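Step one of this worksheet: look at the structure below.
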Amino acid sequence: MKKVLLPLLVLVMPLMVFSQDLKVGYIDAEQIMMAMPEIADIEKQMSEYNAQNTKYLQEMEAEIQKEEAKYKEMEATATATMKADQEAKIQTLYQRYQTTVRTIQQDAQQKQASLLKPVQERVVKAIESVGSKNNYLFILDKNTMIYKSAKTVDVTALVKKELNIK
C-alpha cells in the first residue's frame, strides 16, 4: 500500500499546491474597446468612408438604370444586334457594380482593421500589465467563456484604469 500511496502523493501534492495559487480573471473586451476615446474617431472615419462609397455605388446604380431604361425604349424598334449590344452593356455594368461592391466591402474591412489595430494593441498591453502586476495566470474575455466559477475575477475595471478610461 505504501508503494502505491507514496508515488501518488508525490504526483498529487504539487498539483494541489499549484491549483491553490491559480488566479484567473476575465474582462469585457467589447466594453473596454467601446470606452476607448479613439473609437469615436474611428467610427467617424468609417462613416465618412462608407458614405463616400455609398455615393459612388448609387452613381453606378443610376447608370445601370439609365441603360436599362434606354433598352426598354429601343426594345420594340431596335434590331437584334442593337438589343444584344445594349444587353451586353448592361451586363458589363452590372458585373462591374458587383465587383465594386465586393472590393469596397473588403477595403472597408481592411481599413477598419488597420484603424483598430493600434487600439487593440494598447488594450492587449494593458491586459498584460494588469495580469503581470496582479499575478493572474489567465485573463479571458467573458464573451468567449462557457463557464466561470466564483473564483474568477472581473478585471475589466483594472484594465480600464490601466488605460486611463472610464
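What follows draws every value from the coordinates through simple rules; no lab data is involved. Every value quoted in this text rests on a predicted model; they were computed, and no experiment measured them. All Cβ positions, even for glycine, are placed from backbone atoms using ideal geometry, and neighbour counts span all protein chains on display.
Put a dot 7 Å past the Cα of S129, heading toward its Cβ, do the same for A150, and the two dots end up 3.3 nm apart. Which whole-angstrom value gives the distance between the alpha carbon centres of the stretch 21-40 and the stretch 107-130? Each part's Cα centre sits 12 Å from the other's. Along the Cα-to-Cβ line of A88, 7 Å from the Cα, sits a label point; which residues in the stretch 62-82 have backbone N less than 11 Å from it? Residues 81-82 qualify, since their backbone N sits under 11 Å from the label point.
Treating each Cα of the chain as an identical point scatterer and ignoring solvent, apply the Debye formula and state log10 I(q)/I(0) at q = 0.09, 0.15, 0.18 Å⁻¹. Each listed q maps to, in turn, -0.60, -0.93, -1.09.
Mind giving me the FRET efficiency for E48 and N164? R0 is 22 Å, r the Cβ-Cβ distance, nearest 0.05 is fine.
On the way: r = 27 Å, r/R0 = 1.25.
Computed FRET efficiency for E48 and N164: 0.20.
Note: the stretch 123-166, Cα convex hull, 79 Å³ per residue.
Extending 7 Å from Cα along the Cβ direction at K55 and again at A157 yields two label points whose distance is 4.7 nm.
Over the chain, dividing the summed -39,500 (n - 2.57) contributions of all DSSP H runs of at least 4 residues by the number of residues returns a 222 nm mean residue ellipticity of -27000 deg cm²/dmol. Filter the cross-link list K89/K111; K23/K160; K55/K125; K117/K161; K133/K166 down to pairs whose alpha-carbon distance in this structure exceeds 28 Å. Distance filter (> 28 Å) returns K89/K111; K55/K125.
Hydrophobic long helices, here whole DSSP H runs in the chain with Kyte-Doolittle means of at least 0.0 and Cα atoms spread over 20 Å or more along the helix axis, are found at 2-21. Kirkwood radius for the stretch 39-93, taken over all pairs of different Cα atoms as the inverse mean of 1/r, rounds to 13.3 Å.
Given a Förster radius of 30 Å and the C-beta distance between R96 and A76 as r, what FRET efficiency does 1/(1 + (r/R0)^6) yield to the nearest 0.05? Once rounded, the FRET efficiency stands at 0.60.
Loop-only check: which trypsin sites (Lys or Arg not before Pro) in the stretch 130-159 are DSSP coil with at most 12 other Cβ within 10 angstrom?
Sparse-neighbourhood loop trypsin sites (Lys or Arg not before Pro): K151.
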